[in-house]
There are 4 protein chains.
Amino acid sequence: MNEKALTSSSEYRVRYSEIDQMKFMYYGRYLEYFEMARTDMLRHIGLPYTEIEKNGFILPVLEAHVTYKRPAFYDDVLVVTSTIAGIPTVRMRIDYEVHNKTTGMLLATGYTEHAFMNPATQSVTRVPKIFADAMDAYFQTL
Amino acid sequence: MNEKALTSSSEYRVRYSEIDQMKFMYYGRYLEYFEMARTDMLRHIGLPYTEIEKNGFILPVLEAHVTYKRPAFYDDVLVVTSTIAGIPTVRMRIDYEVHNKTTGMLLATGYTEHAFMNPATQSVTRVPKIFADAMDAYFQTL
Amino acid sequence: MNEKALTSSSEYRVRYSEIDQMKFMYYGRYLEYFEMARTDMLRHIGLPYTEIEKNGFILPVLEAHVTYKRPAFYDDVLVVTSTIAGIPTVRMRIDYEVHNKTTGMLLATGYTEHAFMNPATQSVTRVPKIFADAMDAYFQTL
Amino acid sequence: MNEKALTSSSEYRVRYSEIDQMKFMYYGRYLEYFEMARTDMLRHIGLPYTEIEKNGFILPVLEAHVTYKRPAFYDDVLVVTSTIAGIPTVRMRIDYEVHNKTTGMLLATGYTEHAFMNPATQSVTRVPKIFADAMDAYFQTL
């Protein structure tokens, strides 16, 4: 009954260059952390993004959203969790949560929506077989 | 009857460092362009962000959203329009549109939501008088 | 007898995202400002970098150096001057100076050294004719 | 007789946002990697940068230099080694090497020079005792 979900968590330390003069991690940087988390997630199921590009498709972002709850500071270790609920068909939504590793506090949530695109033709496609197969294989292991 | 709106447009040229290997402007960079556009808008009504900070409040971002329609490329000149509809009370929403200056095409839309915060006490406040007054003075000129 | 020099100045406003928690512009950002200044300089002599890439060569950086004298702050307008002394042959050195527009103070100096490379073959070449010709045409006007 | 050296290596994976349209890691990003490596090095000897700032001094950069030998690509794991030769007195030089972890190839070398500064007075100081002591304690263990 329940839809299976692909989920993955990665840790990253906040860089000095990412902090603004409020001493907070700059708000635009969260989209980089989301991107690192989702590429780590895809790597975990055997689909590194370099492999995706070699297979002739890319995952352009259609929408991105961040809800900021508490600031991240320099040198904090952040745990970024990304989740895909079920195998996507034409669009893929990925949800994110960012926690401070030490305090466990939730710092931010968000999501991105992606298309599957053939960069040569610049046309949008359905989910590529290689992608659906990798997710399916992962779901068999759950 | 109609609510007055504060609106402002600024132009920025896309930097080489902002382009990714799809040759598109990186999706997280739009939040920097939104931030430049809103600080330019506040500067236009006599409220540079440095002045805001000196007056003892900051505008932390609560939410940010971007909808991507067409890519921006290296060296493109982007026109970023930001709009605040009416004088805010406890939260402020700013809407954005990003156009390619040469083609006139709409590349992205989005919004940010902000609180008014006293950084010394880390407490949220209502819209500061200096802020409401500057917007009001601007609306008198419309 | 004196070697002619190509020189050009551009102005850029420091972004909030570029400031670190010392309230200074982050030290790595100067290399972005150098890059903006040199691409503006090439645009001024009719050689926009997009045109350079279309003509089948790129200008990879071999070395970069920055000497920091005084900090740049948020919202400062910086004047970045770049200079090429004479027409290059196999390597090209570009020198930079960064001044605060309001105070006139010198904030930083630096240089970059570039090769001329054919990206298809990844091989280094001598200065391409289109490049030497554009510089020569500019020097005729001095 | 030989001067002792503090040396440390850290690994970082190249982010998508760091790649330019030549598919190389952007040349300015190396200064961020240098900064991560030196703060990791200081953390290893019990001097996290947050502790340094709490002790009332900062380490502003006076000079930075990078020599680029081979490009880094998306998803590469880089090993960044930083070295301080001997206990500094008034200036501190840190040397860096960046290798590709998989191939072992040297991608870049460089250095940064730092002052010790009291941010409250904006005045330059000699090496703070806490700093010299931490390096000395580390050298005792070699």
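One table, with the values for the structure above:
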| item | result |
| --- | --- |
| Cβ-based exposure ranking for C:125, A:83, D:89, in which fewest neighbours within 10 Å come first | D:89, C:125, A:83 |
| Average other protein chain Cβ within 10 Å of Cβ, residues C:37-43 | 1 |
| Length-normalised contact order for segment B:5-140 - Cα pairs under 8 Å, 6+ apart - percent | 30 |
| Ascending count of other beta-carbon atoms within 10 Å, so fewest first, for A:142, C:59 | A:142, C:59 |
| Distances in nm from residue C:93 to the matching label points in the other copies, shortest first (labels 7 Å along Cα to Cβ) | 1.9, 5.7, 5.8 |
| Net charge dipole size for segment D:45-142 [Lys, Arg +1 and Asp, Glu -1 on Cβ; Debye, nearest 20] | 140 |
| Net charge dipole size for the protein assembly as shown [Lys, Arg +1 and Asp, Glu -1 on Cβ; Debye, nearest 20] | 0 |
| Pseudo-label separations to other copies for residue D:54 - Cα-to-Cβ vector, 7 Å, nm | 3.4, 4.7, 5.7 |
| DSSP-assigned coil residues among trypsin sites (Lys or Arg not before Pro) in segment C:1-71, each with at most 16 further Cβ atoms within 10 Å | C:4, C:23, C:69 |
| 0 to 90° range, to nearest 10: angle between helix A:30-44 axis and chain A longest Cα axis | 50 |
| Alpha carbon centroid spacing (whole Å) that separates segment A:38-60 from segment C:7-44 | 33 |
| Cα gyration tensor shape of the protein assembly as shown, rounded if a/c is under 1.5, else prolate or oblate by comparing a/b with b/c | rounded |
| Theoretical gain in end-to-end length, residue C:109 to residue C:123 [0.36 nm per residue, Cα-Cα removed] | 2.0 nm |
| Gap separating the Cα centres of segment D:62-104 and segment A:88-103, nearest whole Å | 33 |
| Over segment B:98-142, relative contact order from alpha-carbon pairs under 8 Å, at least 6 apart, % | 19 |
| Within chain B, helix-based [θ] at 222 nm, where runs of 4 or more DSSP H residues each add -39,500 (n - 2.57), nearest 500 | -7000 deg cm²/dmol |
| Residue of chain D whose Cβ sits closest to the axis mapping D onto B, with distance in whole Å | D:21, 3 |
| Rounded if a/c under 1.5, otherwise prolate or oblate - segment C:5-140, Cα gyration tensor axes | prolate |
| D:111, C:30 arranged by Cβ crowding within 10 Å, fewest neighbours leading | D:111, C:30 |
| Pseudo-label separations to other copies for residue B:5 - Cα-to-Cβ vector, 7 Å, nm | 3.6, 4.9, 6.1 |
| Peptide C:55-62, shielding by other chains (average Cβ, 10 Å cutoff) | 3 |
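Rule-based calculations on the coordinates, nothing more; no lab input. Owing to the predicted nature of the structure, the values given are computational and were not obtained by experimental measurement. Cβ: placed from backbone, ideal geometry, glycine included. Neighbour counts: every protein chain shown.
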